[in-house]
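The structure under discussion appears below in the form of structure tokens.
Just so it is clear, none of the values below were taken in a lab; they were calculated from the coordinates. In this text the structure is predicted, and so the values were computed from the model without any measurement. Here the Cβ positions follow ideal geometry from the backbone for every residue, glycine too, while neighbour counts run over all protein chains shown.
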Amino acid sequence: MSWSCPSCKTDNPDGGRFCIECGTPAPDAPSRPSEPTPQPSQQAPAQPAASAPKVQEEPRPAVAPPLVQPPPSPPFQAPRPPAQVPPAPATPAAPPQAQVQPAKKSGKIIVITLVIIAVVLIGVCVLGIIAAIAIPNFVQAKELARQRRSVVDIQTLATAILSYHTDTGSYPPVNQSETETYGLGTIDALQSYLVPNYMKELPKADGWGNPYLYGANKDASSFVLMSMGSDGKQGDEGIPQDYVTTSCYQDDILWKDNSFLQVPEGKQSNCK
């Protein structure tokens, strides 16, 4: 049970001997005992002294222990709002001249594109002209080289056959005719007569890849060599009687006995 302090009227807990506020002792608290009086010595009796009047001491109030106050709690601080980043200053609008620059750039790009296209077209035209001139000349040169190769091969074969005739007194009796004309056939049969004594190998095909033809008369006293030209066909005129010159790659090339009978001469061209 709590008790009330008679001095400050503060309620104190039961069992407390002093007021927690002013330190006043509780009403029922026992008073402090008086100090004992000293006893006289037994050895020598003391003379009785005049007794002084006794002063009754008032009881000292008990001092309550200091209360330990808890440390004050820090004042409540409201959370700070996040710092706001100031907005970036607005970029001033470009002057009218700056807005015209993209149009100028696009105009330059168009001009450059047109120039490139024009250069490409001119280059294509030049290449076309060069091709128009070069391709026919290339074909012409290629055909001429084939024709000249055929002429040289026939001349080489004729030289070997003439050497054989010098040693044997007759021409190789191959592809003979039963009449005074010439029987024509491939030169494969000349292999045993001319190789290897008179030539290393036979040129079996002319510059166009067609086979050479050889023929002898009935008694092997005369012979002919032939290239059928670029078309690979024997001419309808047959073997001429007199010397003839040609100007077409398709014409036959003929050798008879000691010389050419029909041979290309001058400018040549594709006549068919």
Identify, among LEU157, GLN191, PHE138, the residue whose Cα sits farthest towards the positive end of the charge dipole of region 132-272, taking +1 on the Cβ of Lys and Arg and -1 on the Cβ of Asp and Glu, with the dipole about the Cα centre. PHE138
Just tell me which aspartates and glutamates come within less than 18 Å, Cα to Cα, of LYS200; anything on the same chain fewer than 8 places away is out. ASP153, ASP167, ASP188
Simple spin-label model, 7 Å along Cα-to-Cβ: SER2 to ASP14 in nm? 1.3 nm
Across all directions of projection, what mean area in square nanometres is found for the Cα convex hull of region 161-272? 7.2 nm²
Once ARG80 and LYS108 are pulled to full extension, the length gained, defined as 0.36 nm per residue separation minus their Cα-Cα distance, is 4.3 nm
What ranking do ASP251, ASP14, ASP188 get, fewest neighbouring Cβ atoms within 10 angstrom at the top? ASP14, ASP188, ASP251
Reachable lysines from LYS256, Cα under 22 Å, same-chain residues fewer than 8 places away excluded? LYS204, LYS218, LYS233
Can you compute the charge dipole magnitude of region 133-178 about its Cα centre, using +1 on each Lys and Arg Cβ and -1 on each Asp and Glu Cβ, nothing else charged? Give it in debye, rounded to the nearest 20. 340 debye
If I stretch the segment between ASP219 and SER247 completely, what's the gain in nm (0.36 nm per residue apart, minus their alpha carbon distance), one decimal? 6.7 nm
Summed residue charge, Cβ within 14 Å of GLY207's Cβ, Lys/Arg positive, Asp/Glu negative: -1
Karplus couplings for region 212-222 from phi (6.51 cos²θ - 1.76 cosθ + 1.60, θ = phi - 60°), rounded to Hz, Gly and Pro as x? 6, 10, 9, x, 10, 7, 4, 9, 6, 9, 8
Considering the options CYS248, PRO173, PRO203, tell which one lies farthest towards the positive end of the dipole of region 172-251, charges being +1 on Lys and Arg and -1 on Asp and Glu at the Cβ, about the Cα centre. PRO203
Interchain or sequence-distant (5+) residues whose placed amide H lies within less than 5 Å of the amide H of LEU261 are LEU254, TRP255, LYS256
Under unit Cβ charges (Lys, Arg +1; Asp, Glu -1), what dipole magnitude, rounded to 20 debye, does region 177-250 have relative to its Cα centre? 280 debye
